[in-house]
Amino acid sequence: IYNGADLVTFTADGDVLFNSANAKISGSSTSTGSFGVLKLGNYSQAYGISNLNTYYGILAGGATTIATRNVAIGNSALAAEDVGDRSVAIGYYTMTSQNSDSDNEVTGNTGVGYAVAYNNVTGQNNTYIGYQSGFGSTGYSNSSNTAVGYHSLYLNRTGTENVAIGKDSMRDAT
């Protein structure tokens, strides 16, 4: 479609590109069939050879090669993980540095919030909820911790089996 400039472009791959910041689509549709996989902008349903991951966000799960059954929602969530399985990272920069050291190892980590468990690399079986909960220190990993609250277990390096609940709880424990 052309109006002095290309407003809509149809590619050879079947994509439809809208070349205007004010492009609008309207209409209605009825279907009784199946659509398969829904693909959205910045949605990476299957990096690597696995198709059992759910990733949404720029660089979310971006290093995945054989990792399976992970969920990463948010910019750079679970960005470094390539081979570890069964982790959930929800939030901007959440669990960004996680990178399992064994193929298809069950990491079992759950992080919800901004920059949660950001520096925890090979730690397993952690649950961190809240702004920068379990943020950690570069080059250290920790396992089997539960922390809920703003900056809870914030500086944890190698501590294990800790439970911290509340704002700044066990903030400086290492």
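The values are calculated or read from the model by the stated rules, or taken from the named source; none is laboratory data. Remember, predicted model here, so these are calculated numbers, not experimental data. Every residue, glycine as well, gets a Cβ built from its backbone with ideal geometry; the counts of neighbours run over all protein chains shown. With ligands, DNA and RNA removed, areas are computed over all heavy atoms of the protein, side chains included. Shrake-Rupley method; radii C 1.70, N 1.55, O 1.52, S 1.80 Å.
Tabulated data for the structure shown
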| quantity | calculated |
| --- | --- |
| Looking only at the range 73-88, and only at residues there that are in a loop (DSSP other than H, G, I, E, B) and of a type in the set (D, E, K, R), the one that is surrounded by the most Cβ atoms within 10 Å (Cβ to Cβ) | Glu81 |
| Where Leu38 falls short, out of the listed (1) at pLDDT 70 or above; (2) farther than 16 Å from Tyr118 by Cβ; (3) open to solvent by 80 Å² or more (accessible area, probe 1.4 Å); (4) not small (Gly, Ala, Ser) | (1) |
| In the range 89-135, residue surrounded by the most Cβ atoms within 10 Å (Cβ to Cβ) [restricted to those that are among the small types (Gly, Ala, Ser) and modelled with pLDDT under 95] | Ser100 |
| Test: residue in the range 102-114 that is over 26 Å from Leu52 (Cα atoms) and assigned to a strand (DSSP E or B) | no |
| Residue in the range 139-150 that is of a type in the set (A, V, I, L, M, F, W, C), within 15 Å of the chain's Cα centre (by Cα) and either at pLDDT 95 or above or not in a loop (DSSP other than H, G, I, E, B) (or both) present | no |
| Unmet requirement for Met170, which otherwise passes all of (1) at positive phi; (2) within 20 Å of the chain's Cα centre (by Cα) | (2) |
| Test: residue in the range 150-173 that is of a type in the set (Val, Ile, Thr) and either touching a Lys or Arg at 6+ places or on another chain (Cβ under 8 Å) or open to solvent by less than 60 Å² (accessible area, probe 1.4 Å) (or both) | no |
| The range 157-174 residues that are of a type in the set (A, V, I, L, M, F, W, C), paired with ones that are not in a loop (DSSP other than H, G, I, E, B) (beta carbon under 6 Å, 6 or more apart) | Val163/Thr146; Ala164/Ala147; Ile165/Val148; Met170/Ala164 |
